């Protein structure tokens, strides 16, 4: 079993401060937060805080075992590597089929950056009243669990309300196991017998 | 940052394969206004294509890719983005079919070129035949333009009798799905805590 | 006959949704076929079918072959769809080219409010004069109108109704102009056939007159007369070929084409329809009243019959000519009309799929009306299976509304609006037929019906 790890927020704890979004964006710039403000790079977090009257929490990729985004991608730009569902940006054509496929809205398509700078497309031009200008390259964009970052996911680390947790394979297994035990104990203690059990 | 390009997509669970979308597409793109079958002097040339196999029935059309491979592959710059639409300038197209090779969806097609209900001929290109050189018909790349400028939006969506087609605005879709996902988590937390 | 091209059908069954007799057979997603025994040939499937022959599909038979299979003119450019009716335009073209044939044509009321659509004019454009001009350019020797025999039908059917009501005949009486409805009754409710008016449809009355009275007027040998009918209907060909339709001593109607096929013939001959100036129909069999022309719309036969029956019974002019209460859309309508001392109760059924509950009432003896009009197509002949086919579903609805409006506009603008006031109707009774329901009428204008039970 190689079930993927993922980050999940607890809506009862999240205060909607959006620190996670900022931390995510900065972590992926490969620079420090102090210099990030001076860069021209767009703000591109890989998780998004939902804030409505009903619920407040960030949403990000679940790293699905059968990732619909990857299964829908026409050019094989979404792969799994060490349990992390990743976008191979160089292959992406910006078709948005992954956006259509993801049931969480965890997929986005954003301008591609090379060393903090936007990249021009070789052929595609945008026609406007002012004439034609090369279009910037866009790529699919999603949570990569801060792969390679020593401190693990930046969103988890930065959350003051401790609303974000890294749900690991072990965490899941222990939780499910303890629920099974609790369920069995409940049946045993209450003396409930399934129908036909005392034949 | 401007919005991502919208696109039309079909629901294979609703589609009955009637091809009304294809007919409607051809009707709105006809440069001669047509209302009845008898008025048509051209074949029906749609810009979306019904796929019908044992497993799936639905039309397929362009996704208006942000990095449109068709456009990046076009040697003459005939494919550009205008108002969020990946658009073919049919006058500029040379019929090289590279865009057909590039598109991973099969949304690109090479079709006979009609103007005012008449076949457009080549400028000089002739075919050598037994009876001498014959001026050839022109072909052009053809793809979904999301019915740019058509009142009521894409004709395929507006005319589908089963409401199987819809316009997807990726940014809106993502926000809606985010909210649904958050509500689902809220529900699951209630079960464990409550 | 209606067919579905197996190569083109995708099995969406949109046709089955509009078929009033469940004659479309096949599994969803598989090519469908038509149960010819059940089919009433109304052609609504032809109107609704959207599965066309694509130029991108290399696996299907070439267009030339499909045109030949459908007996369409090779010059036809329009796209082809899976559901179609077998054409007869080639036979008409052949007859027109034959110097030995004296070709007479009749055109049904609903054709004049639709034919212009095929030449780029707005949906429902009224073009009787341009159509007459086009028919003359095509080389027809006599340009007649089925609207004339619609007037004649009113004379016969109106008197038949009065006789049944006053002398105690089978009631309620049903109209018999719609061949699809007649076939349906023959195969589904044969026990109710005595309720059908014995009047032939206007098409068949015209056919019987072309080779008798018409030949006499023009002093031509009836054997040389070739009788062509242009109809909005895909079932009229079936009616013309019923074995009993030989009252003139010849085949009364030799060939029937649809509105669409007439447009094909006009285009084939290179006639620029839109630029034609209006011309008149020939007399005597081409002069018609408003009552005759509203036969093309639901409620029209009823309205025309009431305009005449009222005046025949009361001997007074009818106070209001526009009988809005019998007009309308798809479905069943009832009305009560005070005609002198008689409280005449009528029923109008538009769309064959609505008729069964009414017929069950008639069978049970609970139907409370004297006279029922039934038209198979959704809003009458203007929405017939042989009419110009709208490309988009919304235009199909627009076309119905516009054609109906033009029908009533034409009625309002004609010099005479009551069948019994048509001067050439008066003349034909005086010179040839005698009186309504008389001996000559009985022989030429009335018919009998055949029960058809489906083998189990």
Item checked: Positions within the stretch C:1-40 being assigned to a strand (DSSP E or B) and either touching a residue at least 12 places away in the same chain (Cβ under 8 Å) or under 16 Å from residue C:84 (Cβ atoms) (or both), in sequence order -> C:2, C:3, C:4, C:24, C:33, C:34
Note to self: Given the criterion without any contact (Cβ under 8 Å) to a residue 40 or more places away in the chain, over 15 Å from the mean Cα position of the chain (by Cα) and over 29 Å from residue C:30 (Cα atoms), identify the matching residue among B:68, B:54, B:92.
What the structure shows: B:92
Check: Does residue A:163 fit the bill of being within 13 Å of chain B (Cβ to nearest Cβ), at negative phi and free of Cβ contacts under 8 Å to residues at least 12 places away in the same chain?
Finding: no
Check: Considering the stretch B:93-124 alone, what residues qualify as being away from chain A (no Cβ under 14 Å), closer than 14 Å to residue B:72 by Cα and surrounded by fewer than 16 Cβ atoms within 10 Å (Cβ to Cβ)?
Finding: B:97
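Would you call residue B:75 within 14 Å of chain A (Cβ to nearest Cβ), in a loop (DSSP other than H, G, I, E, B) and within 17 Å of the chain's Cα centre (by Cα)?
no
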Check: Would you say residue B:47 is in a loop (DSSP other than H, G, I, E, B) and more than 10 Å from every other protein chain (Cβ to nearest Cβ)?
Finding: yes
Margin query: Tell me which strands (runs of 3 or more DSSP E) are completely within the stretch A:52-159 and hold 3 or more residues being in contact with a strand residue (DSSP E or B) (Cβ under 8 Å, 6 or more places away or on another chain) and more than 12 Å from chain B (Cβ to nearest Cβ), or say none if there are none.
Written below: A:78-81, A:84-87
Checklist line | Per-region count, the stretch C:95-117, residues over 20 Å from residue C:377 (Cα atoms) and either modelled with pLDDT under 95 or part of a helix (DSSP H, G or I) (or both) | finding: 3
Note to self: Suppose the filter is crowded, with 16+ Cβ neighbours inside 10 Å and either touching a residue at least 60 places away in the same chain (Cβ under 8 Å) or assigned to a loop (DSSP other than H, G, I, E, B) (or both); does residue B:24 pass it?
What the structure shows: yes
Note to self: Filter the stretch C:241-270 down to the residues that are outside any helix (DSSP H, G or I) and closer than 20 Å to residue C:387 by Cβ and list them by number.
What the structure shows: C:253, C:255, C:256, C:257, C:258
Next item on the list: Only residues that are farther than 15 Å from residue B:158 by Cα, more than 16 Å from the chain's Cα centre (by Cα) and within 7 Å of another protein chain (Cβ to nearest Cβ): list them for the stretch C:381-400, please.
Entry: C:389, C:390
Notebook entry, point to check: From the list C:11, C:59, which one is within 13 Å of another protein chain (Cβ to nearest Cβ), within 26 Å of residue B:46 (Cα to Cα) and exposed (fewer than 15 other Cβ atoms within 10 Å of the Cβ)?
Noted result: C:59
Next item on the list: Search the stretch C:205-224 for residues being out of contact with any helix residue (DSSP H, G or I) (no Cβ under 8 Å at 6 or more places or on another chain) and not in a helix (DSSP H, G or I), and hand back the single one that is surrounded by the most Cβ atoms within 10 Å (Cβ to Cβ).
Entry: C:220
Check: Which of the following residues is on the phi < 0 side of the Ramachandran plot and touching a strand residue (DSSP E or B) at 6+ places or on another chain (Cβ under 9 Å): C:290, C:207, C:299?
Finding: C:207
Margin query: Please go through (1) under 13 Å from the mean Cα position of the chain (by Cα); (2) touching a residue at least 60 places away in the same chain (Cβ under 8 Å) for residue C:201 and return the number of the only condition it doesn't satisfy.
Written below: (2)
Notebook entry, point to check: Quick one: how many residues across the stretch C:41-75 are under 26 Å from residue C:239 (Cα atoms), touching a helix residue (DSSP H, G or I) at 6+ places or on another chain (Cβ under 8 Å) and in a loop (DSSP other than H, G, I, E, B)?
Noted result: 6
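Test of understanding: among B:19, B:52, B:35, which residue is facing chain C (nearest Cβ under 7 Å) and on the phi > 0 side of the Ramachandran plot?
B:19
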Note to self: When you check residue C:145 against the structure, is it free of Cβ contacts under 8 Å to residues at least 60 places away in the same chain and either buried (at least 20 other Cβ atoms within 10 Å of the Cβ) or assigned by TED's automatic domain parsing to the domain that holds residue C:437 (or both), yes or no?
What the structure shows: no
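The values are calculated or read from the model by the stated rules, or taken from the named source; none is laboratory data. Here the structure is a predicted model, which means the values were calculated and not measured. Glycine gets a Cβ as well: all are built from the backbone with ideal geometry, and neighbour counts include every protein chain shown.
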